[in-house]
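Shown next, in structure tokens, is the structure this report addresses.
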Amino acid sequence: MYNFKEIEKKWRNYWEENDTFHTDIWDFSKPKYYVLDMFPYPSGVGLHAGHPEGYTATDIISRMKRMQGYNVLHPMGYDSFGLPAEQYAVNTGNHPNGFTQKNIETFGTQLRSLGFDYDWSKTLQTSDPKYYKWTQWIFKRLYEDGYAKYVDMPVNWCEELGTVLSNDEIVDGKSERGGFPVVRKNMKQWVIDQAAFAERLLEGLEEIDWPESTKEMQRNWIGKSVGAHITFKIKDSDREFKVFTTRCDTLFGVTYCVMSPEHELVDLITTDDKKEEVVAYKEMCATKSELERTELNKDKTGVFIGAYAINPVNGKEIPIFISDYVLASYGTGAIMAVPAHDERDYEFAKKFNIPIIQVLEETTGKVYENEKTKKSIVAIVYDRENDKYLTINWKENGGRLFIGGTRHDNESAIDCAIREIEEATGYVDLKFVCEAFKINHHYYAYNKDTYFNIEATPLLFEIRSNERKKQNLDYDENFVVEWVSKECIENEIKDELHIKSLDYVLNPRAMENDSTHINSDFLNGLNKEDAINKMISWLEDNHVGSKQINYKMREWIFARQRYWGEPMPVVYTEDGQIHMLDDDELPLELPELEDYKGHNGKAPLENAIEWKKYNNRGISGIRETSTMPGSAGSSWYFLRYIDPQNDNEFANKELLKHWLPVDLYIGGPEHAVGHLIYSRIWNNYLYDKGLSPVREPFKKLVHQGMILGANGIKMGKRYPEYAVDPMDIVNNYGADTLRLYEMFMGPLEASKPWNQQGVEGAQKFLDRVYRLFVSGKIKDEKNDNLEKIYHQTVKKVSEDYEALAFNTAISQMMVFINNVYKEDVFPKEYAESFVKLLNPVAPHLGEELWEILGHKNTIAFESWPTYDESKIIDFEKEIAVQVNGKVRTTIMISADDSEDVIKERALAAENVIRHIEGKEIVKIIIIKDKIVNIVVK
RNA sequence: GCGAAUGUGGUGGAACGGCAUACACAACAGAUUUAAAAUCUGUCGGCGAAAGUCUUGCGGGUUCAAAUCCCGCCAUUCGCACCA
């Protein structure tokens with residue numbers, strides 16, 4: 001076994017002493033490559049098994065690009081504000097920075113021991129005042145430009161943690177950390193108006209090379225929806241309110257309105273007799289946690305508040321309810337309810353017995369010219385006792401159907417159905433169950449030779465007894481009445497109208513499809529899109545509404561009642577004004593405290609009595625004591641790496657212009673909507689101000705998959721016995737083995753279980769390589785046996801690295817080594833190239849082997865090997881011969897064989913003859929260099 | 001409930017629509033060894049004595065040819081979750 005301990009230590013020292021990986025940031029003579037890792041939070045436990053995965057991937061790319069002649073920037077730093085350090089300070093009374101620095105030291109040692117090629121002269125910490133000076137500086141600009149605001153708004157308050165939480169810090173109504181209850185509460189808050197960037201964020205997604213699933217998640221998070229605002233007047237009042245809807249075309253189907261319980265108008269318009277009920281309901285909602293609200297979402301609740309709204313399009317009076325299924329924080333906090341065509345409104349209307357008006361009608365069948373119109377029914381009769389349905393079987397004259405029939409003038413659908421059931425089948429003891437939405441059906445009636453356009457009402461009855469009268473049939477009604485099972489119906493009823501009718505009566509629900517408008521005056525006959533456009537014009541013409549775009553994305557709450565974060569550069573003056581510190585007063589540093597715990601929901605900085613007082617340059621007041629959230633510092637760190645020591649600006653503009661965007665960014669998928677949206681927002685803002693040269697900061701993004709325990713379950717608290725400490729692997733097997741193993745486990749993006757024997761396998765391979773290099777087989781000679789596999793290997797490894805397909809690159813290197821083992825001579829030229837290919841994955845061994853080959857300098861800047869495509873192509877090749885798509889034999893062909901020759905040889909093969917004997921050859925397909933397929937009959 | 005991803009030997013996984021199971025792990029056998037470890041060589045999807053034949057979650061479809069493309073299910077994972 002090669003002495004990995006000694007070798008790895010030797011080369012780590014070499015790199016450090018020679019400053020090998022220092023990036024000259026001002027060297028613009030080579031093309032640049034900026035490769036970035038998501039920087040870690042320096043927790044007390046050090047690196048976990050997942051860290052080396054993403055970090056090795058970027059390291060491989062970084063090292064390859066450097067060898068390919070790029071000036072590479074590959075930095076590392078620490079997201080060093082955070083809760084564990086805060087908890088430590090609260091518990092021990094010590095400043096969290098000591099704890100943080102100790103952890104950073106551990107991380108630094110561990111990262112160095114893995115052999116990553118970071119330029120440590122460019123490291124940064126978000127908790128360093130030299131860094132957060134600029135976080136404060138950017139925040140100040142956001143305020144000046146109106147994106148950061150101080151507003152009164154409902155927030156997620158966690159009593160236990162004593163702080164406000166953002167939506168992504170809450171899981172199932174409880175705090176992500178600790179699982180404490182979270183309630184909604186109104187507070188004055190610092191927020192950043194994210195929605196102002198929504199449109200640009202959506203557009204930007206089109207131009208970046210990111211995983212489609214992450215882009216989709218961001219789109220959902222932004223949650224754009226295009227619709228309209230509609231103003232409803234309140235009856236007997238001069239008040240009015242707006243609703244937001246995406247289906248303004250269904251305005252004629254509105255039968256009630258709902259306001260969220262928190263809506264400002266509720267108290268003003270509730271009638272006296274409803275006050276008590278409304279107050280009780282509002283109280284119930286206020287004490288309900290988010291968790292309870294979502295758990296109860298199957299069962300709609302609400303109360304009528306006594307007031308009526310006027311539908312602007314037809315003047316109808318409609319009742320106003322409050323219900324917590326309408327959210328205060330989305331849209332206008334009030335909706336128009338169309339129970340016929342919205343699932344939630346349908347449920348609510350059913351529960352509260354509110355009328356339902358159908359304004360959309362589905363169409364079935366084919367439309368013909370010269371159709372006759374009529375109204376009709378489809379009656380479905382169910383026998384509960386025997387679980388059978390009543391059908392009539394027309395046999396070859398139309399198949400199996402339910403009972404259908406035409407409505408007489410002024411006859412209701414129910415009456416018609418009862419009459420038709422009796423006439424056709426004789427059954428009379430029926431119980432009406434329900435009626436579904438009308439369906440517009442087009443068909444051809446054979447017996448009448450006529451095309452029909454009918455409006456059919458589906459109805460469901462249950463039969464109470466077998467009481468039966470005589471059927472009353474026309475001369476041409478020649479069918480059999482049959483009770484059949486559901487299964488029989490599914491197999492035998494083919495008529496679209498009847499299938500739909502059954503579905504709708506058995507599963508009554510709102511009909512939300514895009515279909516034709518009815519009962520809608522000037523919208524009748526239009527489809528969804530046309531109707532929406534026409535309605536918006538009507539609303540605008542009549543000044544009762546307009547087109548409106550809404551986003552689910554809320555304001556980003558930008559303050560935490562914690563100590564260990566960036567202080568806000570904000571002072572509230574005695575006359576109630578907000579004053580931002582001057583730029584030369586930044587950074588505003590955190591003071592030392594006696595007590596790091598907040599009391600009674602107040603921020604810990606409230607304990608800093610002297611620090612809080614501000615009196616400078618003629619302004620006096622009190623400082624803001626909340627600090628910025630953890631995501632503040634991480635939203636722009638990729639800009640600072642480029643110029644981390646700069647005290648005059650957050651980074652030199654010329655440098656930013658040269659180095660941005662980040663060419664490759666690798667990190668976990670858990671940041672898909674948090675950090676990766678916030679970063680895009682900050683960069684977008686800076687771009688607009690001319691402070692960042694690119695709109696999108698991360699050109700290509702890849703998420704590494706999770707490394708699971710050997711049991712296939714997430715490592716961590718639940719199964720500590722399956723947790724893997726990467727440092728154990730480094731000590732027992734070597735850093736190169738760990739790197740190789742994690743890259744060989746499987747595709748970078750996939751989640752994969754740990755396998756200790758796999759680690760040993762990785763080590764075995766490295767040792768096998770090492771033994772080959774000290775075996776004496778390497779000679780300054782040629783070996784033609786290795787020529788082809790050598791060129792193939794250079795090609796595949798180069799391409800696979802580029803595509804981040806490290807597992808297949810490694811397998812190719814293994815194939816190459818297996819081939820070399822069978823030979824007596826390993827040409828030095830090939831050996832040198834092989835070391836260059838292996839080096840990015842196993843850099844310590846790479847340097848050592850390079851030295852064994854007689855080189856004095858580091859391999860880091862040696863040029864990347866090239867390959868000769870012509871050496872890869874075979875002159876002679878074995879291809880498969882198929883008969884009817886099944887491989888029967890293989891034949892040898894030469895590059896200059898004509899198709900006729902190949903055909904002849906294929907047909908002459910013994911096994912082929914056996915399979916085509918006595919059959920007619922339909923055709924022969926020859927795909928050059930690939931396959932021959934003989935089709936026979 | 002909605003959205004996205006994934007599903008291939010005992011295991012991790014390979015495979016531009018063109019010979020499914022590369023590479024590795026495990027297992028088995030042999031060589032070496034006093035013995036073991038290490039190393040080297042070989043076997044290794046199922047059924048079958050063999051010729052064969054079946055096989056990429058399940059069911060259809062497109063194609064000369066499907067793990068790969070299309071449709072419908074099922075399972076797992078991850079997001080979102082009354083967003084009007």
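Here is the list for segment A:385-466: chymotrypsin sites (Phe, Trp or Tyr not before Pro) lying in DSSP coil, each with at most 12 other C-beta atoms within 10 angstrom of its C-beta, are A:TYR446.
How would segment A:338-382 be classified by its alpha-carbon gyration tensor: rounded, prolate or oblate, with rounded meaning a/c under 1.5 and the a/b versus b/c comparison settling the rest? Because a/c hits 1.5 or more and a/b exceeds b/c, segment A:338-382 counts as prolate.
A:THR808 to A:ASN186: FRET efficiency via 1/(1 + (r/R0)^6), r the Cβ-Cβ distance, R0 56 Å, to the nearest 0.05? Calculated transfer efficiency: 0.50. By the Cα gyration tensor, segment A:533-612 has an equivalent ellipsoid whose semi-axes, rounded to whole angstrom, run 45, 16, 12 from largest to smallest. The long axis of helix A:51-67 is offset from the longest Cα principal axis of chain A by roughly 60 degrees.
Of A:GLU529, A:GLU592, A:GLU823, which has the most accessible area with a 1.4 Å probe, and how do the rest follow in descending order?
A:GLU592, A:GLU529, A:GLU823
Amide H contacts of A:SER376: A:ARG407, A:GLU455, A:ALA456, A:THR457, each under 5 Å away and 5 or more positions distant or on a separate chain (H built 1.01 Å from N in the peptide plane; Pro and chain starts excluded). Ranked by the mean number of other Cβ atoms within 10 Å of their residues, highest first, the peptides A:505-518, A:887-900 come out as A:505-518, A:887-900. Dipole magnitude for segment A:507-546: computed about the Cα centre from +1 point charges on Lys and Arg Cβ and -1 point charges on Asp and Glu Cβ, it is near 160 debye. Rounded, prolate or oblate, given the Cα gyration tensor of segment A:201-328, with a/c below 1.5 counting as rounded? Judged from the Cα gyration tensor, segment A:201-328 comes out oblate (a/c at least 1.5, b/c at or above a/b). A DSSP coil position with no more than 12 other Cβ atoms inside 10 Å describes the following trypsin sites (Lys or Arg not before Pro) in segment A:686-769: A:LYS689, A:LYS717, A:ARG718. In terms of overall dimensions, segment A:7-159 has a Cα radius of gyration and Dmax of 19.1, 61 angstrom.
Across segment A:845-893, the convex hull enclosing all Cα atoms gives 177 Å³ per residue.
For A:THR889, the residues whose amide H sits under 5 Å from its own are A:VAL881, ignoring neighbours fewer than 5 places away on the same chain, with H placed 1.01 Å from N. Taking one quarter of the surface of the C-alpha convex hull of segment A:262-399 gives a mean projected area of 15.2 nm². Whole number in Å², please: accessible area per residue of chain A, 1.4 Å probe, ligands, DNA and RNA not counted. Computed with neighbouring chains in place, this is 46 Å² per residue. Treating the Cα atoms of segment A:556-666 as identical point scatterers in vacuum, please give the log10 of the normalised Debye intensity I(q)/I(0) at q = 0.10, 0.12, 0.23 Å⁻¹, two decimals. Log10 of I(q)/I(0), two decimals: -0.40, -0.55, -1.26.
Would you mind calculating the relative contact order of chain A from Cα pairs under 8 angstrom and at least 6 residues apart, reporting the percent as a whole number? Relative contact order comes out at 14 percent.
The angle between the Cα long axis of helix A:756-773 and the longest principal axis of the Cα atoms of chain A comes to about 40 degrees, rounded to the nearest 10. In sequence order, segment A:204-219 has phi-based couplings of x, 4, 5, 9, 10, 8, 10, x, 4, 5, 5, 4, 5, 4, 5, 4 Hz under the Karplus curve 6.51 cos²θ - 1.76 cosθ + 1.60, θ = phi - 60°, and Gly or Pro positions carry x. For chain A, the carbon plus sulfur part of the accessible surface works out to 46%, probe radius 1.4 Å. The chymotrypsin sites (Phe, Trp or Tyr not before Pro) of segment A:850-883 meeting both criteria, a DSSP state outside H, G, I, E and B (loop) and at most 14 other C-beta atoms within 10 angstrom of the site's C-beta, are A:PHE861, A:PHE875. Normalised by the number of residues in segment A:47-107, the average gap of Cα pairs under 8 Å and 6 or more apart makes the relative contact order 22 percent.
Could you run the Debye sum over the Cα atoms of segment A:820-867, one equal point scatterer each and no solvent, and tell me log10 of I(q)/I(0) at q = 0.17, 0.28 Å⁻¹, two decimals? Computed log10 I(q)/I(0) values: -0.48, -1.12. Computed over segment A:1-62, the P(r) curve from all C-alpha pair distances, binned at 10 Å from the origin, holds 15, 32, 41, 11, 1 percent per bin. Along its principal axes, segment A:810-904 has C-alpha extents of 59, 26, 25 angstrom, given from the largest down. Amide hydrogen proximity for A:LYS185: with H placed 1.01 Å from N in the peptide plane, the residues at 5 or more positions away or on another chain lying under 5 Å are A:VAL155, A:TRP157. Helical runs (DSSP H, four residues minimum) scored at -39500 (n - 2.57) apiece and divided by the length of chain A put the mean residue ellipticity at 222 nm at -10000 deg cm²/dmol.
Below 14 angstrom from the Cβ of A:SER775, what's the summed charge of the other residues (Lys, Arg +1; Asp, Glu -1)? Counting the neighbours of A:SER775, the net charge comes to +3. Each principal axis of segment A:744-855 carries a Cα extent, and these read 44, 26, 25 Å when sorted largest first. Pairs of C-alpha atoms in segment A:432-584 farther apart than 20 Å represent 76 percent of all such pairs. Computed 3J(HN,Hα) for segment A:326-334, one whole-Hz value per residue from the Karplus formula 6.51 cos²θ - 1.76 cosθ + 1.60 where θ = phi - 60°, is 9, 8, 5, 8, 10, x, 9, x, 8, glycine and proline marked x. Taking 19 Å as the straight-line reach from the Cα of A:LYS828, the lysines in range (excluding those fewer than 8 positions away in the same chain) are A:LYS777, A:LYS779, A:LYS782, A:LYS788, A:LYS795, A:LYS836, A:LYS856, A:LYS871. Hydrodynamic analysis of segment A:863-937 uses the Kirkwood radius over alpha carbon pairs. Inserted into Stokes-Einstein at 4 °C and 1.567 mPa s, it gives a translational diffusion coefficient of 96 µm²/s. Calculate log10 I(q)/I(0) of chain A for q = 0.04, 0.06, 0.07, 0.08 Å⁻¹, where I(q) comes from the Debye formula with a single equal point scatterer on each Cα and nothing for solvent. Listed by q, the Debye log ratios stand at -0.32, -0.68, -0.87, -1.01.
The values are calculated or read from the model by the stated rules, or taken from the named source; none is laboratory data. This is a predicted model, so every value here is computed, not measured. For neighbour counting, all protein chains shown are included, and Cβ atoms are generated from backbone atoms with ideal geometry for every residue, glycine included. Surface areas here come from the heavy atoms of the whole protein model, side chains and all, with no ligands, DNA or RNA. Shrake-Rupley method; radii C 1.70, N 1.55, O 1.52, S 1.80 Å.
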